[in-house]
Amino acid sequence: MRQEKSFFPDYHTKQMNDTFAYFNEFMNKSQSTKSFNLKKCIDNSIDILRPLLQNNHIMVCSSCQNIDVFSCESEMTLALLNILNNSFFELTKNETQKERYIHIESKRSENNSLKITIQDTRKLAPAISQTIFEQYDNTYENRNSFDMRLLISKKIIEQSLKGKLDVQIEPLVLNGKKIDSCKFTIELIESFLQ
């Protein structure tokens, strides 16, 4: 029998297998709280989307502190993936956009809460920033499934994890140049920190 060559290079095949295994584990886990490392959770979320991001020339940079939290890891992962998917969609929607960049940061804030920021280089209109988490009915033509994912992320962060999710329009400095960007901020209260 002739052996056929794999369509994907070994790295992509391994990444796809790891992704399927991760989602299988994710779907089979109970929604229980436990201690987990937030940096590892963020890195795993980025790794799941890395082939998509790389193939679309989106650069991802993370600056995350090693912080252990006591929460529901699968819900945190889902919220992060939804926000990252939204960033991917918005950055690839405009084919002429040169700067395709996502910056993720996690750290303890001054008030001893936990802040996670996901900032991407899309141009976000002020009117949209005020309604980005609102639910629209299915007849509204310009909405898409990624907007629903942001609503789901907000519900997970605020209702299940008892935190806060906001969005701001804030410039991002890249190579000494200020670029328009959209910044999502997740804030978790002190009791989630260990």
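Every number here is computed from the coordinates shown, using simple stated rules; none is lab data. These figures come from a predicted structure and were not determined experimentally. Neighbour counts run over all protein chains shown; Cβ positions are idealised from the backbone, glycine included.
What are the lysines whose alpha-carbon lies under 25 Å from the alpha-carbon of K34, with same-chain residues fewer than 8 places away excluded?
Correct list for K34: K107, K115, K154, K155, K162, K164.
Kindly put C61, C72 in sequence by how many other C-beta atoms sit within 10 Å of each C-beta, fewest to most.
C61, C72
Would you mind checking which residues have amide H under 5 Å from C64's amide H? H placed 1.01 Å from N; only 5 or more apart, or other chain.
S106
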